[in-house]
Amino acid sequence: MGADAQQTDVVVIGAGQAGLSTAWALSRSDLGFVVLDQNPAPGGAWQHRWPSLRMATVHGIFGLPGMRFTLPSPQRQAREAVPAYFARYETEMGLRVQRPVTVRAVSRAGDRLLVESDRGSWAARAVVNATGTWTRPFWPHYPGQQSFAGEQLHAADYPGPERLAGRRVVVVGGGSTAVQLLMELAEVAETTWVTRRPPVFRDAPFTSDYGREVVARVDERVRAGRPPESVVTATALVRTPEVRAAQASGVLRRHPVFDRVVPDGVVWDGPPEGPRHLPADVILWCTGWRAALDHLAPLRLRGPGGGITMDGTRVVAEPRLHLVGYGPSASTVGANRAGRAAVREIRQLLGRPSDAEPSPGHAGAVAGARGG
């Protein structure tokens, strides 16, 4: 362990919804902590969302613990409204944030975990990882993909419909992001929607029972050590009035994914679509994200199938490490609950009495690493 490593009880990596909810719980405990965030400003991944995402089309935003999120104007950009709320939260909760800091590695160092960053090191008795997924967009690979002469974009870099106006766009992906971007692009561009599996639409309202069912399914995967299916992916697409209209107009006509990419488009080699060649100017990959966990590689947590075996938020192979905003807690409401649960378990791990009085005035230093 480096002699210059700062000693603390807990390091939280990430200051998005998951990291801030954990920091809130820690600030009301008897534990010392530091929160590290890579982003240049408050807001986690929200500050990087595409410009056309408005509050009217954002789904399932829950306030951080202890401070209500008052819905702003429906037409306000999400990448402005939500980060502004996060900034107010950090100020009102006394979470002093220093940014940016990038965590490079987390490793074992005797009875501590060593967190190394470009702004110094911390020796912690426990670590809560809350790095989200935004920095790890997933790009699938198809034959001929590198030969495409047009433009390939991931949803993470989507510039809004104006820049793609008048172009032939193939939208790849069966989730809510693909549906949302497809519907707005169809107003200005020629669009084609392709997915690996037929999309599942849900007419019934999203109830708490259904939400618990989805979370339980994802939780079962991570407890078995399998790579997590995101909560968003596991949730059926909601058939809103806008979605119904897009289906009726043919905008949401789904095609099976193509077999290969060619310089001027995509090709299906056989049934049910082919043989067929579709000219295209843009391929928009709405193919999701993966958990940003590369800095945890020194801990060797992954099993043979690539997953990390979990018990709630706790990593089974390293009980001093909790993953919040991962798997079943990868939603705003899930992250809030998971942050509190992780702090309770950490206090037990560190032998703190269960009846200890919280310290409402304690607000650990929040130094900026990865955040989502």
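Only the coordinates and a few stated rules stand behind these numbers; no lab work does. Source: prediction; values computed, not measured. Please note: Cβ atoms are built from the backbone with ideal geometry, for glycine as well, and neighbour counts cover all protein chains shown.
Subtract the Cα-Cα distance of F138 and R344 from 0.36 nm times their separation in residues, and report this length gain in nm to one decimal.
Numbers: separation 206, 0.36 × 206 = 74.16 nm, distance 3.32 nm.
70.8 nm is the gain from fully extending F138 to R344.
Provide the gained length on full extension for the span R196 to A224, in nm with one decimal, where the gain is 0.36 nm per separating residue minus the Cα-Cα distance. Before the final figure, lay out the partial values.
Numbers: separation 28, 0.36 × 28 = 10.08 nm, distance 2.50 nm.
In short, 7.6 nm is gained.
Karplus couplings for region 121-138 from phi (6.51 cos²θ - 1.76 cosθ + 1.60, θ = phi - 60°), rounded to Hz, Gly and Pro as x?
10, 10, 9, 10, 7, 7, 10, 10, 9, 9, 8, x, 9, 4, 7, 10, x, 9
Express as a percent, rounded to the nearest 5, the fraction of DSSP beta bridges in the chain (both residues included) that run antiparallel. Please list the in-between numbers first.
Numbers: 24 of 61 bridges.
The antiparallel proportion sits near 40 percent.
Suppose R0 equals 30 Å. What FRET efficiency, 1/(1 + (r/R0)^6) with r the Cβ-Cβ distance, do V188 and T91 give to the nearest 0.05?
Details: r = 39 Å, r/R0 = 1.31.
Efficiency for this residue pair is about 0.15.
With Cβ to Cβ distances under 14 Å as the rule, what net charge do the other residues near R68 carry (K, R +1; D, E -1)?
Numbers: positive: R88; negative: E92.
Once all neighbours under 14 Å are counted, the net charge is 0.
³J(HN,Hα) across region 288-297 via Karplus (A = 6.51, B = -1.76, C = 1.60, θ = phi - 60°), whole Hz, x for Gly/Pro?
Karplus-based 3J(HN,Hα) across region 288-297 equals x, 9, 10, 4, 7, 10, 4, 5, 8, 3 Hz.
Could I have the simple spin-label model distance between Q98 and A216, label points 7 Å from Cα toward Cβ, reported in nm to one decimal?
So the label points at Q98 and A216 sit 4.6 nm apart.
Can you give the net charge of the other residues whose Cβ lies under 12 Å from the Cβ of G339, counting K and R as +1 and D and E as -1?
Numbers: positive: R28, R337, R340, R344; negative: E345.
Net of charged neighbours comes to +3.
Skipping prolines and chain starts, which residues have an amide H placed within reach, meaning under 5 Å, of the one on H154, given they are 5 or more residues away or on another chain?
Here the answer is W285, since their amide H atoms fall under 5 Å of that of H154.
Return the FRET efficiency for the residue pair E242, M67: r is the Cβ-Cβ distance, R0 is 35 Å, and the value is rounded to the nearest 0.05.
On the way: r = 31 Å, r/R0 = 0.88.
After rounding to 0.05, the efficiency reads 0.70.
Return a whole-number percent for the relative contact order of region 102-199, with Cα pairs under 8 Å and 6 or more residues apart as the contact set.
Working: 98 pairs, mean separation 16.3, N = 98.
In percent, rounded to a whole number, it is 17.
How much length, in nm to one decimal, is gained on full extension between T57 and D118, taken as 0.36 nm per residue of separation minus their Cα-Cα distance?
Values: separation 61, 0.36 × 61 = 21.96 nm, distance 3.69 nm.
Length gained between T57 and D118: 18.3 nm.
Using θ = phi - 60° and the Karplus curve 6.51 cos²θ - 1.76 cosθ + 1.60, what whole-Hz ³J(HN,Hα) does each residue of region 92-102 get, with Gly and Pro shown as x?
5, 8, x, 8, 6, 9, 10, 9, x, 9, 10
Give me the one-decimal nm value for the distance between modelled label points at R276 and R167, 7 Å along each residue's Cα-to-Cβ direction.
Taking the simple label geometry, R276 and R167 are separated by 2.3 nm.
At a 10 angstrom cut-off on C-beta neighbours, averaged per residue, how do the peptides 326-336, 79-89 rank from highest to lowest?
Details: 326-336: 25.5, 79-89: 19.2.
By packing density, highest mean first, the sequence is 326-336, 79-89.
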